[in-house]
Amino acid sequence: MLTFVVRRVALMIPTLVMISIVTFVIIQLPPGDFLTTYVTNLSAQGEQVDPAEVAALRARYGLDEPLPTQYLTWIWGIISDGDFGRSFEWNRPVSGMIADRLPLTIVFMAATVVFTWIIAFPIGLYSAIRQYSITDYVATTIGFLGLAIPNFLLALALMWVGLNVFGQSSVGGLFSPEYQDAAWNLGKVLDLMGHLWVPMVVLGTAGTAGLIRILRANLLDELRKPYVVAARARGMPEPRLLLRYPMRVALNPFVSTIGWVLPVLIGGEVIVSSVLSLETTGPLLLSSLRSQDMYLAGSIILLVSVMTVVGTLISDLLLAWLDPRIRHRLA
Amino acid sequence: MSRSDVLLDVQGLKTHFTTDDGVVRAVDGMDLSISRGRTTCLVGESGCGKSITARSILQLIDPPGRIAAGRIWWHGGEETAEPTDLAALDPRGARMRAMRGADISMIFQEPMAAFSPMYTVGDHLVEAIQLHLPLSRKDATEKAVHLLGRVGIPRPDQRMHAYPFQLSGGMCQRVMIAMALACEPSLLIADEPTTALDVTTQARILDLLTELQDDTGMAMLFITHDLGVVAEIADDVSVMYLGTVVEEGSVTDVFDSPRHPYTQALIASVPRMGSRGDRARRLAAIEGIVPHPLQRPAGCPFHTRCHALIGDVCHERLPDLHSVDGGQLARCHLYDESVVDPGAGRAQLPLLPAAPVVTGDRPQPAPEDDRAPVLEVRDLTMHYPVKRGLLNRTVGHVRAVDGVSLAIQPGETLGLVGESGCGKTTLGRAIVRAIAPTSGQITYRGDNGAVDLAGLPDSELRGYRGQIRMIFQDPFSSLNPRMTLLQLLAEPFRNPALRRDRIDSEMEQRVADMLARVGLRPEYMRRYPHAFSGGQRQRVNIARALITTPRLVVADEAVSALDVSVRAQILNLLADLRDEYHLTYLFISHDLSVVEHLCDRVAVMYLGKIVETTTTAQLFDTPRHPYTEALLSAVPVADPHRRANRRGTRLSDDLPDPSAAPPGCSFHTRCPYVRADRCGTEVPLLRGVGTDHAVACHHAEALTLRGTTSTISTPN
Amino acid sequence: MSRPSDVDQVPPSASEPRGGEPDAELAVASQRTLVWRALRRHKLAMAGLVVTCLLYLVAIFADFLAPYDPNDINADYAFAPPQQLHIVDTSGDEWDWGLYVNGYEQTRDPETLALTFREDPSVKVPVEFLARGPEYELFGLISTNIHLIGPADPDGPPMYLLGASRTGHDQLSRILHGARISMSIGLVGLAMAFTLGVVLGGVSGYFGGKADAVIQRLVEFFMSVPAIPLWLGLAAALPRDWGPLQRYLAITVILSIINWTDLARVVRGRFLALRGEDFVTAAYLDGIRQRRIIGRHMLPSFASHLIAAMTLSIPAMILAETSLSFLGLGLRPPTISWGVLLSDVDVRALETAPWLLLPGVAVVVAVLAINFLGDGLRDAADPYQS
């Protein structure tokens, strides 16, 4: 098991390096470096630019060096003191801006993953056991729809429903106006809970639909396995048999969800949060991309990518811990 | 038998499956009674409904299947209790559940697949015990360890923590038996429990089952397609054909004087140990194949293949089970006095028409020194690296083939036998150069002199592809389903060395002739493989191998996937073609009776090495290697009278890990004659110990080993 | 009672199943026939196939089907709501056949100055099939002004069956034209993903070894990177002065960069599985060239799986384009795609003009139809499994 963990972690490193290179390339893609954009922006606003300050920044980020050196400077800045660069649009260090929004993003995502599990598990289970029942057909249909409706469309549709059915309700945002700038207290937490469900539904639908389909298919496969018949022939009661045998194997997708749902969620989060105007990293990423504020954008991309890779790692390790076959094959 | 002896009585059972194509009557009017303490064998070819019958008894039929009619009377309750009709119980109800595993237990064909890979065998066992017995976890664990010991698992307390995939098939089957015995059932249903196992393991499992039965007095319903196993283990026999019993009686009655034409033909189509050396002898094969249950013939279901038809009544009316001479029952109009005139004397089953003996000159292989061998393999090795660890380093090698030398004379058929995993298939594939060997020589003597195939590149090998051909085991996966027979058979001529790129009329004629030669209609050449049964596909495989008129054919388990009756047809075909085309065969098989029937010489393989090679007669009469003796004694013989005197050598334990072969003689860990000197330290070399007899054993001269010398009693 | 002695006169070598002679037609059925048979049984897939074909027909004949040029604007009718198409004229005392829509009555809110529309039952705008409208060139060749449906008088009051946009575009015409980009971007992206996936997956699966290891790492990398941020990043980095065609091509490239990994995995997996199949070994032992082993024996064995996998990846491309364009990072006006149309929707539009969401319905229908078709193809792909 230890070998497996070490090996799996070792395999992660090249992926991380690749991600950082791709991010760096994305940052460098738009014409001009960020300092020229910065200077242009300031000049456009009629402000005076201090050439000494520009020169200092230029030196600090090594903008006159060749690209590989710039990359190393950039990545070393991130690793050594969390310096992700500066956002020229906001004229603030990127790290601070992300730190403001990251916790809420993580809460949002974690809540969505849990939501996905809670909804998908019973539906998938029931769908497989009562194959071709009405419930199964309904679940299958919802599954298809969930995968076919783009996130933002669902968000828009929910907003429209909110407007027309519930009047001018506060669909969108994560806090009611009175809590917006309040300090954290119980009321604010409850308020957050009250607001979180809409984005959760929107964001979780595609994942839930996918998970239902996978769980149903896996369970159906497992239910036909000889060991199920064998257990039944030993007189095992049906509910216990289901939960103990096929379910145990079919649970694997739930664990690996973290691996494949995270990229989907992170992507969807950008869109959903923008539509519903949540105070997470998503809208920040979008606005920075629109204005080609590349250090901010690149840093967010880098961070969410790293989160995905770490999530995949965790799910792989969990899987190995849960499934003796994987554990023994890879040990 | 008296009424009180009956434990389970199945009457008129019908289990049907509703499919898109119609209702499949898998079991259709099944009668079966099982007596207390006795072993009843249910025998028949695949698709005849044996397993469905067994599962119906425990109500384990999954939709779309259902029990459509019939009663299953269980007399296993209290002495005074009324019998229970199992077929009337709710399949998901508490009463049925309480019976399963407690009164009636079941073991399955694929022991590994019958365990969930997520739990240890101990978990399974403890759970099974606690299901029906009010024991604490500690007591249940204790009982589980005890049970594992009882079914012959060494170090049971350690094995409790093993996962099923860490055990061999034989071990898994033992654990399954332990589980089945946990609640001391009155009836054990064994559904082909040894079919997936090696012959040596099979022998030990059969011994174990017999021994446990003697101890506990339970009855056993043993389902198998192997008549040898039936003769070995049965007290009573029921022969099934297309969902119904065609004959039932005691094992000796059924084997000595089969009454139903099907039983008669089935027994005759099994190659029997001892039938060696006579190249003119053919097997009596039943014609055709078992029809699909959807195309069940009207009247007697067997009439389409029967050699003893009486007349129209066979086509029109389903016969009843008739008692014959107070012995067994047979479902045949021959014994129906309303059909056959009783005045004309007692009905006699006509003899099975003897398979036509091919007359004329059946060539015998040339004597050894006469000509140089067609194929000479020297020191051939095939090693596969084993990768492990952090950096995926090669930590060792699986020595699938480890220094094999052998020679095949022109016209000779060499049998290669051994347990699964011994490397015989790898050796075969290396010889046809489907894979490149690690080292060694493969010298082939063709028309243009000798050449070493071992090191040739693909481009040069092409020149020999037409001369050395291969017949595969699986008739389904070895034919490209997307090509017609014509395309498949013309494919070898696409070989650049043969330069025949177009399918012209000459090629079509050639394919047509070849198809006719292997017993298929030439007009079938435009059909795709999916239109053919397993036996027919194997004919296509043979045709493809022979269409290039090869000199050497490697047949890898060519008949192992086939049913008994079809297997006989294919064996006859292979023998006929050998004589007609003067072929040289390397016949790889795990089935010693087939090898004895077909081969002139035999090589025995163990863990990548050849341990004994000699003529068929010498090998079977006077084996010189302990492993050969063990193999021979493990083969079940289709003769119930020879049961008592053949409890011979049994091999301990399973095949060692081929990546870590034992030092010295690789067989010494399992050898019953192992000695302290040399066996564990010195690798024995293959050496001559008599005329045309080589063996790799240090102590071959000092051992007296048993062959299969006793003569067989022929039915009819 | 005579014994039919001639029954067994067939020589033993010619033994055939006398009971179940297989259906002769089925016996000579090729793989394509078998797949088609299986697919025809799959009702949802057939429905998907029909809808998909219809959508592509719409894309081809959008000019003809649309009543207006999608770029025509009529500022007088900004945010005009959909009109009901009347088939029966009941406005008079008796009823009469006749196609017409009611004209709009415009009122301006005195406070907000917002223009609101109401259908005016007294005004009838006659509508006819094969009406004359704006000129267009069918297939870029034939110049004509015939449209499937339109107001009888091209210079009279307009007809907005699905309402009008913020600037007074006809929403119906724009949705029909949007099908061109939205439905084709999946295909073009797929063609690129296919090339990448099949070549890399094939090399990886057939040759194995070092090439396999490198390509596998690459696939793993692409699969572990969250796709949408990567798209966003790449799309945002596109130069702003690129024209519609350049952007279109760039976006397809970006989409295919993400999607080739799935195809590569399918191809590799199949190659690996097939390499071990007996019939491939048999073909090798026939001594035929490697080219033919791959082309005649291996490729056809998974071509149907590949087609199914490809079909199933089109919806992902459509969804991705829609999302990117919606966010303003993909295609941009004046290009018309469903995503571009949806980018008009904001909270205000939701309140006043919910019909602007209709392109979303088109997206869902298209994605569902292709998904159904793909699922059916996947199930039918291996007709030889029993």
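The values are calculated or read from the model by the stated rules, or taken from the named source; none is laboratory data. Keep in mind it's a predicted model, so treat the numbers as computed, not measured. Methodologically, a virtual Cβ is constructed for each residue, glycine included, from the backbone with ideal geometry; neighbour enumeration extends over all protein chains shown. Accessible surface is based on the protein model in full, side chains and every heavy atom, while ligands, DNA and RNA are left aside. Shrake-Rupley method; radii C 1.70, N 1.55, O 1.52, S 1.80 Å.
Computed values, structure above
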quantity: Of all residues making up region B:560-598, the number that are away from every other protein chain (no Cβ under 14 Å), outside any helix (DSSP H, G or I) and open to solvent by 10 Å² or more (accessible area, probe 1.4 Å); calculated: 3
quantity: Among residues of region B:116-129, those that are more than 14 Å from residue A:241 (Cα to Cα) and of a type outside the set (Gly, Ala, Ser), counted; calculated: 6
quantity: Any hit, region C:134-157, residues being closer than 15 Å to residue C:81 by Cβ, in contact (Cβ under 8 Å) with a residue 12 or more places away in the chain and either not in a strand (DSSP E or B) or not β-branched (Val, Ile, Thr) (or both); calculated: yes
quantity: Filtered residues of region C:207-223 (kept if open to solvent by 20 Å² or more (accessible area, probe 1.4 Å) and at the interface with chain A (Cβ under 10 Å from one of its Cβ atoms)); calculated: C:217, C:218, C:220, C:222, C:223
quantity: Residue within region B:51-67 that is in a strand (DSSP E or B) and either of a type in the set (Lys, Arg) or under 22 Å from residue B:235 (Cα atoms) (or both) present; calculated: yes
quantity: Considering residues of region B:450-462 that are touching a strand residue (DSSP E or B) at 6+ places or on another chain (Cβ under 7 Å) and part of a helix (DSSP H, G or I) only, the residue farthest from the other protein chains (Cβ to nearest Cβ); calculated: B:454
quantity: Residue, most open to solvent (accessible area, probe 1.4 Å), within region B:287-300, restricted to residues that are at the interface with another protein chain (Cβ under 9 Å from one of its Cβ atoms) and assigned to a loop (DSSP other than H, G, I, E, B); calculated: B:292
quantity: Check on residue B:33, closer than 22 Å to residue B:105 by Cβ, over 25 Å from the mean Cα position of the chain (by Cα), open to solvent by 10 Å² or more (accessible area, probe 1.4 Å) and of a type in the set (Gly, Ala, Ser); calculated: yes
quantity: Test: residue in region C:327-341 that is out of contact with any Gly (no Cβ under 6 Å at 6 or more places or on another chain), charged (D, E, K, R), without any contact (Cβ under 8 Å) to a residue 60 or more places away in the chain and within 13 Å of chain A (Cβ to nearest Cβ); calculated: no
quantity: Residues that are away from chain C (no Cβ under 14 Å), more than 17 Å from residue A:253 (Cβ to Cβ), of a type outside the set (Phe, Trp, Tyr) and open to solvent by less than 60 Å² (accessible area, probe 1.4 Å), drawn from region A:103-130; calculated: A:104, A:110, A:111
quantity: Filtered residues of region B:152-187 (kept if more than 11 Å from every other protein chain (Cβ to nearest Cβ) and farther than 27 Å from residue A:327 by Cβ); calculated: B:152, B:177, B:181, B:184, B:186, B:187
quantity: Count of residues meeting criterion [open to solvent by less than 10 Å² (accessible area, probe 1.4 Å) and either within 13 Å of chain C (Cβ to nearest Cβ) or free of Cβ contacts under 8 Å to residues at least 60 places away in the same chain (or both)] in region A:310-331; calculated: 3
quantity: Qualifying residue in region B:617-624 (condition: open to solvent by less than 10 Å² (accessible area, probe 1.4 Å), touching a residue at least 40 places away in the same chain (Cβ under 8 Å) and either among the small types (Gly, Ala, Ser) or more than 18 Å from residue B:701 (Cβ to Cβ) (or both)); calculated: yes
quantity: Helices (runs of 4 or more DSSP H) (entirely within region B:463-552) containing at least 3 residues that are open to solvent by 40 Å² or more (accessible area, probe 1.4 Å), more than 11 Å from chain C (Cβ to nearest Cβ) and modelled with pLDDT of 85 or more; calculated: B:505-517
quantity: Matching option when the condition is under 20 Å from residue A:207 (Cα atoms) and among the hydrophobic types (A, V, I, L, M, F, W, C), among A:229, A:272; calculated: A:272
quantity: Residue in region C:175-187 that is open to solvent by 40 Å² or more (accessible area, probe 1.4 Å) and under 27 Å from residue C:82 (Cβ atoms) present; calculated: yes
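To keep it simple, each residue is scored yes or no on (1) part of a helix (DSSP H, G or I); (2) among the aromatic types (Phe, Trp, Tyr).
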{"position": "A:49", "(1), (2)": "no, no"}
{"position": "A:72", "(1), (2)": "yes, no"}
{"position": "A:77", "(1), (2)": "yes, no"}
{"position": "A:84", "(1), (2)": "no, yes"}
{"position": "A:105", "(1), (2)": "yes, no"}
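Yes/no matrix, rows are residues, columns are (1) at pLDDT 90 or above; (2) in a strand (DSSP E or B); (3) out of contact with any strand residue (DSSP E or B) (no Cβ under 6 Å at 6 or more places or on another chain):
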position: B:26; (1), (2), (3): no, yes, no
position: B:29; (1), (2), (3): no, yes, no
position: B:77; (1), (2), (3): no, no, yes
position: B:82; (1), (2), (3): no, no, yes
position: B:97; (1), (2), (3): no, no, yes
position: B:102; (1), (2), (3): no, no, yes
position: B:105; (1), (2), (3): yes, yes, no
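Let's see how each residue does on (1) in contact with a His (Cβ under 9 Å, 6 or more places away or on another chain); (2) crowded, with 22+ Cβ neighbours inside 10 Å; (3) within 11 Å of another protein chain (Cβ to nearest Cβ); (4) over 30 Å from residue B:469 (Cα atoms):
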| position | (1), (2), (3), (4) |
| --- | --- |
| C:296 | no, no, yes, no |
| C:299 | no, no, yes, no |
| C:314 | no, yes, no, yes |
| C:357 | no, no, yes, yes |
| C:369 | no, yes, yes, yes |
| C:382 | yes, no, yes, no |
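Residue by residue, here is whether (1) within 26 Å of the chain's Cα centre (by Cα); (2) modelled with pLDDT of 90 or more; (3) closer than 19 Å to residue B:628 by Cβ; (4) surrounded by fewer than 24 Cβ atoms within 10 Å (Cβ to Cβ) holds:
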| site | (1), (2), (3), (4) |
| --- | --- |
| B:405 | no, yes, yes, yes |
| B:411 | no, no, no, yes |
| B:416 | yes, yes, yes, no |
| B:420 | yes, no, yes, yes |
| B:423 | yes, no, yes, no |
| B:429 | yes, yes, no, yes |
| B:433 | no, yes, no, yes |
| B:443 | no, yes, no, yes |
| B:446 | no, no, no, yes |
